[in-house]
1. Shape call for the range 201-298 from the C-alpha gyration tensor, a ≥ b ≥ c root eigenvalues: rounded (a/c under 1.5), prolate (a/b greater than b/c) or oblate?
2. From the gyration tensor of the Cα coordinates in the chain, what semi-axes in whole Å does the equivalent ellipsoid have, largest first, with each one equal to sqrt(5λ)?
3. Tilt of helix 365-377 relative to the longest C-alpha principal axis of the chain, in degrees (0 to 90, nearest 10)?
4. Please report, in debye to the nearest 20, how large the charge dipole of the chain is about its Cα centre when each Lys and Arg carries +1 at its beta carbon and each Asp and Glu carries -1 there.
5. Which value, in Å², gives the accessible area per residue of the range 120-184 when a 1.4 Å probe is used on the protein heavy atoms?
6. Cα convex hull of the range 329-442: how many Å³ per residue?
7. Where in the range 343-369 does the amide nitrogen come within less than 19 Å of the point 7 Å from the Cα of Asp203, taken along Cα to Cβ?
8. Could you work out the local net charge near Phe50, counting Lys and Arg as +1, Asp and Glu as -1, over the other residues with Cβ closer than 15 Å to its Cβ?
Amino acid sequence: MSDDIRAKVTDVLPGLRQDLEDLVRIESVSADPARAGEVQRSAEAVAELFRAEGFDSVEIVSAEADGRAPAVIAHKAGPEGAPTVLLYAHHDVQPENDPADWESPPFEPTERDGRLYARGAADDKAGIAAHLGALRVFGDDLPVSVTMFIEGEEEVGSDTLPALLKQHHDRLRADVIVIADSGNWDIGEPALTTSLRGLVRVDVEVRTLTHAVHSGMWGGLVPDSLMALSRVIASLHDDEGNVAIAGLHSGPAADVVYPEERLRAESGAVPGIEWIGSGSAVERLWTKPALSITGLDAPKVDGASNTLVPAARAKISLRVAPGDTCENALAFLTAHLEAHVPWGAELSVTLVDTGEATRIDATGPAYDAARAAFEEAWDGVAPVDMGVGGSIPFIAEFLEAFPEASVLVTGVEDPDTRAHGANEGLHLAEFARVVLAEALLLRNLAR
């Protein structure tokens, strides 16, 4: 049976790649209102792929009356009494940003050195293709019943996902949910993602003056807002670089070694940079809070006048450790900022957005079936239980909506995928293993 599945995967890969390339050519950038028509066209193309596979009740749905963020829901029945598996991916993609940063056109799939380069080639149109490939292995002899749910707004925060899950709850209910939006530990080393950090983003403004004043006339007596904001920012980390906000949760990480040379290659750190924080590398990346300043509003150096700046703003991105909540993190972050604003400056904190952390108890029959499938697909290499430092808030939404389901977080990415960046690429040999692993998983779940 396993040899038959392997042979069938080999058979379906050429057509699968063609379908993936066709999807990639559709510029389904959900963050760009001018390309809303492309997002709709992408949903229609995905729906047509499912119809071609014999799915029934294929429907493009939206939680908004005007049809924004179109998602695709489809179902195909397996044997009576077989479990139902929900396969998730998303068809919207990140903006390509500056095309000059790409070695080939961002929406024209191009193969180089065993990778397929294009925006969405990995994140996450390859997730759609992986699901399709696993289904094509079985044709009309599916070992399980399958529901497809392909979202159209993941790259802009999945704002309407809770409404969709509620509106279509009965159609989406499943015994096992496979979310193909993560990645593997390395080329040749599969992984199940079992934890993701959450996110709290705030805009912080520090004001010391009602209007700008001359620095010579008032400097030395009146503090400027940049000085005050700098002090606030400096208080957020201790001398080692650990987040210095009291009350935040930290936890242990898997016993996984992240080699120094790989850390430097993948991070893009300049040669002399020192890592911040304490604990193992994976603890600092996966299970401890992290805080970054991702934006500043202040006068540019070129052309700056010789005045005290009355107000300055910063955007703070706080990654919340698994086991913590956004409510708790926001409260302690706000309290810290209020306690550390100097010289009586006025402080305002505006919440931008949040996304809850996720921690999955990856035990039980479904996870055993997945680990066995991955180990078989990767020729005896057991999967790593991997954390992710970034956030995929919608996973928490699935866990809340379907608490009885086993949620498996998988994916096609590898450390050099460069999702969201220029020259995003899919490792084609690993993609073949992902398709094989999912087909084996469906077989194992039927058992």
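The values are calculated or read from the model by the stated rules, or taken from the named source; none is laboratory data. Everything numeric here is computed off the predicted structure, so don't read it as measured data. Virtual Cβ from ideal backbone geometry, glycine too; neighbours counted across all protein chains shown. Accessible surface areas use protein heavy atoms only, side chains included; no ligands, DNA or RNA. Shrake-Rupley method; radii C 1.70, N 1.55, O 1.52, S 1.80 Å.
1. Working: a/c = 3.28, a/b = 2.26, b/c = 1.45.
Prolate is the answer for the range 201-298, as a/c is 1.5 or above and a/b outweighs b/c.
2. That gives 43, 23, 22 Å for the three semi-axes.
3. 80 degrees
4. In total the dipole reaches around 680 debye.
5. 26 Å²
6. For the range 329-442, the hull spanned by Cα atoms encloses 165 Å³ per residue.
7. Those under the cut-off are 346-355.
8. On the way: positive: Arg51, Lys76, Lys125, Arg136, Arg171; negative: Asp19, Asp22, Glu44, Glu48, Glu53, Asp56, Glu59, Asp140, Glu151.
Summing Lys/Arg as +1 and Asp/Glu as -1 gives -4.
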